[in-house]
Structure formats: C-alpha cells, structure tokens
Amino acid sequence: MPVRHLIIGGGTAGINAIRTIREEEQEKSEITLVSAERPYSRMVLPYYLDRSIAESHVFTATAAVLGQWQVKTHLGRRATNLDIKSNTCTLDDGTRVEYDDCLIATGSSPVRAPVPGADGKGVHSFWTLEEARGVIAQVQAGTHVVMVGAGFIAFTILNSILALGAKLTIVEIAPRILPRMVDDAGAALVQEWLQKRGVTIRTNSAVTGIEDAKGKKRLRFKSGGDIAGDVVIMATGIRTNLEWLKDSGIAIKRAIVVDDQLRSNVPNVYGAGDVAEGKDVVTGEAAVHAIEPTAQEHGRVVGANMAGKNVRYRGSLLANIVEVCHLDVASFGAWEDAKAETITGLRKDRPAYRKLLFRGDRLTGAIILGPSSDIWTTNDVGMLKGLVQTGVSLGRWKAHLERNPFDIKPAFIASRTTGTLLLETVLGRPSKAPGDSPVAV
Ligand SMILES: Cc1cc2nc3c(=O)[nH]c(=O)nc-3n(C[C@H](O)[C@H](O)[C@H](O)COP(=O)(O)OP(=O)(O)OC[C@H]3O[C@@H](n4cnc5c(N)ncnc54)[C@H](O)[C@@H]3O)c2cc1C
C-alpha cells in the first residue's frame, strides 16, 4: 500500500511540501490536500489590488497542476480535529481522512483592533483573496483610505493604494511606524519620505472606535482628534490558525514546536510556515517567522522528509523587505539585539541609513534604507542579507564596515559569501528548474 501523506493548508508551505514530495520520493505515494481556500499566494495580493496582475495570476497550484501531481483534494474544507492515536483528521463536513504522516500548514488569520465598529461595513482586513476582493471593490481614485496599523503588512499594500490614486492616512498605536521592522532613525526617515509624498501619518494614536457618519467612517482616538475616511483597512496583526488543534496533543507554544526536521512532538506530524516555531538561523533560538521565505523553506524541508529523506533545516532568517514609493526598506536577523556591537550611518546628501550589528566579527543583524534608484541600495540589500544569513567571519573587514557602513561590496566579496551561499540549498542538493508549475522552489 502506498504511503499516505496528508497536507493541511494549501498556502506557500503546503504547496511547496507537495511539490517536494513528488520530486524526492522513490515510490509513488498518496497525497491528500485539505485546504480552506484554493492554493494561492497571499504575497502577490498587493499586485492584484493595483491591477498589475489579474486574479488568475494569484493561484499557485490550479486544479490542473494538482491533477498532474495526482493530489486528492478537499478544497473549501477545514480540518477541525486531529486524532494522533488513530492518525485521522476530521473535516468540517464530517469527512475523516486517515494518514501515515501529516503536515500542518494552516497559516495565520488577521486580527482586528478590539474596538467597537471594527467589524462594521467598510472596515476591511487585507489577508485573504476574499478580503482583497472586498478592498478592490471599494478603493478607487479619490477614495480616502485610513490604514490602522503601520507594520510590515500595511506597508506591502501601501504602494498599491497610492497607485490607485487613493488618499492615504496611516494611524499607528506605537510611537513610530514599522515598529517591528526598523529602529527610530529608520522609521523617522520613512515617515518623512511618505509625508513628502502626501501620506498623512499619526503615531501614538490608539483607535477607540469606528462609527458610521454620513456615508463615511469616523475613527475616534484615545488622544482625541477624529479622522473621517471612506474605507478603513485594519492591519493590526495576525494570529496562527491553530485553535482547532487545542486538545490534539500537539505541543504548541507561540506556534507548533518543531525540531530540526520540522517534526512536532508527535513524530509523524510536521509543522511548517506561519504555524511553526522553528530555529532562527542567527540566534539558534526558537522563533516564529511569519514570512514567505520561511514558509517556502519549511515546505521544502518537510516535503523531503515526508518523502523519506533525512533533511535537517539550518533555521530561518528573519527578513523583511519592502519598497515604499521607491524607497527600499529592509531589516535582517537580530536587528534589535541590544547586546550587539552596533554602528549606524546616516547620509546627509540623501535619505539613506544603515545600521549594522555585530557579534564578534560576524554580522548578526542589519537595517538598510535608501532610494531604490540608487543601485547600491538594492545591491546592498542582497549583500547584507547574505552576510547575516551565512554568518561568515569577516575578520579585518569588520573594521572596514565599521568605518564605511555604506561600502558593503568589498567585505561581501572578500569574505567569499557568494561561495558559501551557493552551497546552501535548503535540501543540500543542486536546485532543480521549477518545470511548468508556477510554484517557487
Ligand atoms: C498582503 C500580504 C502581503 C505579504 N507580503 C509578504 C512579503 O512581501 N514578504 C514576505 O515574506 N511575506 C509576505 N506576506 C506573508 C506571507 O504571505 C505568509 O507568511 C505566507 O503566506 C505563510 O505561508 P503559510 O503556508 O504558512 O500560510 P498561508 O499561505 O496563510 O496558507 C495557509 C492555508 O491554510 C488554510 N487553512 C487555514 N485553516 C485551515 C484549516 N483549519 N483547515 C484547512 N485549511 C486551513 C488557509 O485557507 C490557507 O490556504 C504577505 C502576506 C499578505 C497577506
């Protein structure tokens, strides 16, 4: 009898796992996918919002591709229970699926600020395709959009809102924008850049309620001073979709606790993507990195292990990269490490900022900001990511970076970081061309 793999969640992690099982297995297995939504990429939804791509382009594995991979599907269905003794998963329509091993990759859901009116008409989240459709239907040229929350996700959709010709106001409860992505100096630079481009920003502003007022949405604040807009988008955080596993026996802290092979405390149950608390490659500590590259890599590693390989994951890199109105903004690794040796550089002639954090002679964290039109900004984003990810020993090049935080290239080349990165495919083997399917590998 073929091995029965069950994949719960058809997002980035789940689809990468399926693809990898088919690539790596010696004998054809049986794969079943249970997913509340059809497989698509949340990360490309901002491009759908500004009409750069059609809706059909958000899907990562169509029915035809799943058929080609010989995957049995339960799409539009939710897993509601996992019985780890009988190896059975129950779905919301009562169907029971038996498995030999199982991947939980159910991702996250948006959380709205707990204030009256947060669920009202004209108040949106922007996390699912369905929610994206809702925003698309309401935002056009001249619409006043009020975005509550100035974190990474808010910033991924900011360009699209402006590209549609909408007016944008951002309100943030924290003292600075992008509070979990850049430091005070970086946030001040981004804020000034956006204000010069017509975006209104209010920090230190806690929303206390949202009311309907003459066809508008009126936001009230703890500190006073209302704002009236046409549409409200709440980008106020996410939570893992794990409540259905509450009594299952799967160990969950901030997310499913997984080992180096991404197995949970139950050896034939794996966790991947936003719902997995795995190793951080820089600190070696357990962390939840709810970002696309982690979901992709987790999916690849789990897929290989389900296919019978013995792949250990090196750990994921915390990496947030956005481009806002042609300003590149990125941070990597332990950029908030108060115990690291830190140097900063702020250019007077242009909006460019660097913060480099060292432990010994290794770069363990970095923040970089600069105009996308400066070729060295874009190049340095990639090189800083490489230096943090590999943790290469910089030797005397550390002193060079300390003196010249805007001159990354010599240190990158001299430390042979490219050579180190090239050997580092997630599965420890040369990468394969993705073939006909659009799923990234
Ligand atoms: C607008 C937007 C922009 C983003 N931009 C970036 C970016 O630029 N860079 C970046 O790194 N990250 C970005 N992200 C985050 C990234 O998309 C997520 O980290 C990634 O999708 C996580 O993948 P996943 O497979 O863990 O979960 P998901 O992709 O969320 O997939 C989870 C799947 O599980 C299904 N599911 C949930 N519960 C159940 C259940 N009980 N039973 C069955 N199925 C279930 C869901 O319907 C979904 O299909 C962005 C996210 C959004 C919303």
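The values are calculated or read from the model by the stated rules, or taken from the named source; none is laboratory data. The structure displayed is predicted, hence computed values, not measured ones. Positions of Cβ are backbone-derived with ideal geometry, glycine not excepted, and every protein chain shown enters the neighbour counts.
Some points to look at:
- In the stretch 290-336, the residues that are farther than 23 Å from residue 379 by Cβ and of a type in the set (Asp, Glu): 297, 336
- Selection status of residue 308, within 25 Å of residue 368 (Cβ to Cβ) and surrounded by fewer than 18 Cβ atoms within 10 Å (Cβ to Cβ): no
- Looking at the stretch 118-214, the strands (runs of 3 or more DSSP E) lying wholly inside it that each contain 1 or more residues that are without any contact (Cβ under 8 Å) to a residue 60 or more places away in the chain and of a type in the set (Val, Ile, Thr) sit at 167-171, 200-202.
Residue by residue, here is whether (1) in a loop (DSSP other than H, G, I, E, B); (2) in the same structural domain as residue 215 (by TED's automatic domain parsing); (3) buried (at least 24 other Cβ atoms within 10 Å of the Cβ); (4) without any contact (Cβ under 8 Å) to a residue 12 or more places away in the chain holds:
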{"residue": "228", "(1), (2), (3), (4)": "no, yes, no, no"}
{"residue": "254", "(1), (2), (3), (4)": "yes, no, no, no"}
{"residue": "261", "(1), (2), (3), (4)": "yes, no, no, no"}
{"residue": "274", "(1), (2), (3), (4)": "no, no, yes, no"}
{"residue": "283", "(1), (2), (3), (4)": "yes, no, no, no"}
{"residue": "293", "(1), (2), (3), (4)": "no, no, no, no"}
{"residue": "300", "(1), (2), (3), (4)": "no, no, yes, no"}
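- Considering residues of the stretch 60-94 that are without any contact (Cβ under 8 Å) to a residue 24 or more places away in the chain and within 12 Å of the ligand (Cβ to nearest atom) only, the residue farthest from residue 303 (Cα to Cα): 93
- When 97, 65, 115, 123 are checked against the criterion of being in contact with a Leu (Cβ under 8 Å, 6 or more places away or on another chain) and of a type in the set (A, V, I, L, M, F, W, C), 97 stands alone in meeting it.
- Within the stretch 278-287, considering residues that are aliphatic (A, V, I, L, M) and within 16 Å of the ligand (Cβ to nearest atom), the one farthest from residue 98 (Cα to Cα): 281
- Counted residues, the stretch 45-83 - those being of a type in the set (A, V, I, L, M) and buried (at least 17 other Cβ atoms within 10 Å of the Cβ): 9
- Positions within the stretch 58-97 being over 17 Å from residue 11 (Cα atoms) and aliphatic (A, V, I, L, M), in sequence order: 82, 84, 91, 97
- Residue within the stretch 55-70 that is in a strand (DSSP E or B) and of a type in the set (Val, Ile, Thr) present: no
- Extreme residue, farthest from the ligand (Cβ to nearest atom), among residues of the stretch 1-22 that are outside any strand (DSSP E or B) and among the basic types (Lys, Arg): 22
- Only residues that are over 17 Å from residue 84 (Cα atoms) and more than 16 Å from the ligand (Cβ to nearest atom) were counted across the stretch 251-277, and they come to 4.
- Given (1) farther than 14 Å from residue 256 by Cα; (2) in contact with an Asp or Glu (Cβ under 9 Å, 6 or more places away or on another chain); (3) more than 13 Å from the ligand (Cβ to nearest atom), index of the condition residue 322 fails: (3)
- Search result, residues across the stretch 23-43 that are buried (at least 18 other Cβ atoms within 10 Å of the Cβ) and more than 8 Å from the ligand (Cβ to nearest atom): 24, 25, 29, 31, 32, 33
- A residue that is farther than 30 Å from residue 346 by Cα, outside any loop (DSSP other than H, G, I, E, B) and within 13 Å of the ligand (Cβ to nearest atom) can be found somewhere in the stretch 302-313.
- Of the numbered criteria (1) in contact with a Ser or Thr (Cβ under 8 Å, 6 or more places away or on another chain); (2) within 16 Å of the ligand (Cβ to nearest atom), the one residue 329 fails is (1).
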